[in-house]
Amino acid sequence: MKERIQTRTKRSLQIVAGIILLASMGFAGYFYIQSHEQIIEPDVPSQIVVDPSKVQGRATAEVGYRSPFEKPKKLISTTSARTPLQDLYGTITPADLHFERHHAGIPEIDPEQHELLIHGLLAKPIRLTLADLKRYPSVSRICFIECSGNFRYGKREMTPQEVCGLTSQSEWTGVLLSTILKDLGVKSSAKWFLAEGADGALMARSVPLEEALPEAIIAYGQNGEAIRPQQGYPMRLVIPGFEGNTQIKWLRRIELTDKPVMTREETSKYTEKIKDGKIRMFSLVMDARSIITYPAYPKTIEKGWQEIRGIAWSGRGKVKQVLVSTDNGVHWNEAHIQGPVLEKAHTAFRFMWNWDGKPTRILSKVIDETGYVQPTYNELVEARESKGGYHFNPIVGWDIDKNGSAYLAKVEDIN
Amino acid sequence: MQGNILTSLYAFGLMFLSSFFLARCSFNKEETVEIDSLHAYHTSWDDGLEDYRKTWPGRFDMGKPADAKFIAKWDIDVRPDGKGLPKEGAGTVKSGAVLYQAKCAACHGVNGYEGPYDKLVTDSTGKNTIGNYWPYASTIFDYVRRAMPFNAPGSLTDQEVYDITAYLLYSNEIIKADDVINSETLPQIEMPALKRYVIDDRKGGQEIR
């Protein structure tokens, strides 16, 4: 009896082993075919793999698309999305790759329901719809928008996107704020205005009237199309050169005031600790900045000629000069800057470099038209007695190792 | 003769009264700014704009006038001098403590410093809080009414916002347990951090600050 049970157990064990063996063979075969198939037929549309000159291409489509070989992506967190600076060419950011920073998500706004109220220290308060706004004489302007909290560091494996991807550039179209205010009888006591969004945070910032007025635009167009929801559809404030947070998206109210309102965003946030225990507020203009976007982590270069590429910008006007060093700051060479150079705009710079294959460090620094020279991290730390925070714009660069791989240079070591 | 004197007295009287009236008018009517004078044409984006402007009508008359009722509905900002604070309502620490636990503690911690989100109450870490970093007490009212609680922004009544403001000021040891926060008392509160604040005065150039 006991023996029979043992035999039965033995037989069932044999059956189980057989099943396992067969199953594993099946799996192995499946994976073999899979991997083999991938080698023979890559997972891309066949028109691209075969000779494209021997087949009909795709039909036209109402909306275009990127090549399936190109996959630039924003790097996202719950409240922000960073522009892939290392994947872009020239200076315009595609609208769907423009950086984002919001305080209560992206509202979905029906433009028919949306209104802009302009009131406060003026004789004639008004309500404007998007259609009203579009009837005013319009302007276009290419400029960057940068978040003032746009510097990250701390490890070697960081891309330009991770270091300072909260800056993007578009052509904005809309109405000059001065065009609208002209009619409204602005009182001489009006020195500031509060701009407020229609999002869940009712994001609000106070802006000095005289400084913003020459260039402030209430924009409804971005790179030729309507502003995207992420960028403030149907209308936003654009103040070239000012910190991103003041350029209120989903704009619904402008109130002229005598003094700043002192909202949370201009007191507890967007202020920075500086020397002697002070806290600086209303640091509204973005300081000059540059970054090499090629070669940069995670790229690897070959020995020989390279074009070092990057962008430089200043909230105070035009980029005057960009200097590039390929020997860790021992020598600085003037980079070619792409004209026409625009005020308060990302400006492309280029420098041809013959890499000899030895490990080195490449750096860039910008000088703007006011004579401001982009500082080193150590200079900023010393001047402010602070190791970061808003408006931190130090020189950054890349260590090229013997294999040609680029890694973010330690900012503390750049002099 | 007497008639002449009376007439001139009458004339002087009229002149005096009318000049007084005119003076009053000009005192009441504040001067307006010529916006064009503030618009400096200084970037290449302004090329030709000055000439283009000459072809514009004197007025655009776009949109529609905003009446006081509409403005009142949207005009929610509260300023350091108390402008914008509701006259109705007075906040107490006791009511604020109850509301805080129900509406705020999940994000900011039961004591206001445990997180997971922004620290509101000063603790030993020295991280920025209302007590050690915020320069104006009015900002608490403005922000809480504007944007909080995170899961239902703008859902608090003015009374609730007063209560929560009182509680947050008390938790940061700025007011006492039985102090009341209303449109009179809130603007009088001096925040400890105010004296540390300076306004940016950098204008470019070679200096690094």
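Some notes on this structure:
- Placing +1 on each Lys and Arg Cβ and -1 on each Asp and Glu Cβ, with no other charges, gives the protein assembly as shown a dipole about its Cα centre of roughly 1360 debye.
- Where a label projected 7 Å from the Cα of residue A:356 along Cα→Cβ would reach, residues of the range A:277-309 with amide N under 18 Å: A:302-306
- Sequence of B:93, B:110 once ranked by neighbouring C-beta atoms within 10 Å, starting from the fewest: B:110, B:93
- For the residue pairs A:155/B:119; A:71/A:344; A:275/B:195; B:83/B:127, the C-alpha atoms sit more than 20 angstrom apart in A:155/B:119; A:71/A:344; B:83/B:127.
- The range A:143-226: GluC sites (Glu not before Pro) falling in loop per DSSP and having at most 14 other Cβ within 10 Å: A:157
- Calculated SAXS-style log₁₀ I(q)/I(0) at q = 0.13 Å⁻¹ - the range A:289-413, Debye, Cα scatterers: -0.51
- In this Cβ point-charge picture (+1 for Lys and Arg, -1 for Asp and Glu), the range B:89-196 has a dipole of about 260 debye about its Cα centre.
- Local net charge near residue A:283, Cβ-Cβ under 15 Å (Lys/Arg +1, Asp/Glu -1): +3
- Distances between every pair of Cα atoms in the range B:89-196, grouped in 10 Å steps from 0 to the bin holding the largest one, split as 16, 52, 30, 2 percent.
- Relative to the longest principal axis of the Cα atoms of chain A, the long axis of helix A:2-40 makes an angle of roughly 50 degrees.
- Sparse packing (at most 13 other Cβ atoms within 10 Å of the Cβ) combined with a DSSP loop state is found for the following trypsin sites (Lys or Arg not before Pro) in the range B:103-155: B:127.
- Farthest toward the positive end of the dipole of the range A:80-271, out of A:80, A:190, A:166, is the Cα of A:190, where the dipole comes from beta carbon charges about the Cα centre.
- 20 Å Cα-Cα reach of residue A:303 towards lysines, excluding residues that sit fewer than 8 places from it in its own chain: A:358, A:402
- Loop-exposed chymotrypsin sites (Phe, Trp or Tyr not before Pro) per DSSP, neighbour cap 12 Cβ within 10 angstrom, longest uninterrupted part of chain A: A:90-415
- For the pair residue A:259 and residue B:87, a Förster radius of 22 Å applied to the C-beta separation gives a FRET efficiency near 0.60, rounded to the nearest 0.05.
- In this simple spin-label approximation, residue A:79 and residue A:140 carry label points 7 Å from Cα along the Cα→Cβ vector, and these lie 3.5 nm apart.
- For the range A:299-374 versus the range A:86-149, the inter-centroid distance based on Cα atoms is 31 Å.
- If the segment from residue A:50 to residue A:300 were pulled out straight at 0.36 nm per residue, it would be longer than the present Cα-Cα gap by 87.0 nm.
- For the range A:285-306, the residues whose amide N sits under 13 Å from a probe point set 7 Å from the Cα of residue A:332 along the beta carbon direction are A:289-290.
- Take the Cα of residue A:276, go 7 Å toward its beta carbon, and the backbone nitrogen atoms of the range B:168-209 under 13 Å from that spot belong to B:196-199.
- Computed over the protein assembly as shown, the per-residue total of -39500 (n - 2.57) for DSSP H runs of n ≥ 4 gives a 222 nm mean residue ellipticity of -7500 deg cm²/dmol, rounded to 500.
- Across every direction, the projection of the convex hull enclosing the Cα atoms of the range A:154-250 has a mean area of 8.2 nm².
- Farthest toward the positive end of the dipole of the range A:80-271, out of A:92, A:223, A:148, is the Cα of A:148, where the dipole comes from beta carbon charges about the Cα centre.
- More than 38 angstrom apart: percent of Cα pairs within the protein assembly as shown: 47
- Dipole size of the range A:278-386 about its Cα centre, with +1 on Lys/Arg Cβ and -1 on Asp/Glu Cβ: approximately 240 debye, rounded to the nearest 20.
- Projected label points at residue B:110 and residue B:195, each 7 Å from Cα along the beta carbon direction, are separated by 3.6 nanometres.
- Across the range A:80-271 the C-alpha pair distances fall into 5 Å bins from zero in the proportions 1, 8, 16, 21, 20, 16, 9, 5, 2, 1, 0, 0 percent.
- Measuring r between the beta carbons of residue A:378 and residue A:188 and using R0 = 51 Å, the FRET efficiency lands at 0.65.
- Extreme residue, positive dipole direction of the range A:289-413, given options A:394, A:321, A:347 (C-beta unit charges): A:347
- Sorted by Cβ neighbour density within 10 Å, fewest at the top, the residues B:184, A:255: B:184, A:255
- Look at A:82, A:58, A:384, A:264 and count the other Cβ atoms within 10 Å of each Cβ; fewest to most, that gives A:58, A:384, A:264, A:82.
- Spin-label model distance (nm) - residue A:369 vs residue A:156, 7 Å beyond Cα toward Cβ: 4.2
- For residue A:341 and residue B:117, the FRET efficiency from 1/(1 + (r/R0)^6), where r spans their Cβ atoms and R0 equals 41 Å, is about 0.45.
- Straight-distance candidates among the aspartates and glutamates for linking to residue B:94, with alpha-carbon spacing under 13 Å and chain neighbours fewer than 8 residues away dropped: B:160, B:163, B:178, B:179.
A short reminder: the numbers here are calculations on the coordinates, not readings from a lab. In this text the structure is predicted, and so the values were computed from the model without any measurement. Methodologically, a virtual Cβ is constructed for each residue, glycine included, from the backbone with ideal geometry; neighbour enumeration extends over all protein chains shown.
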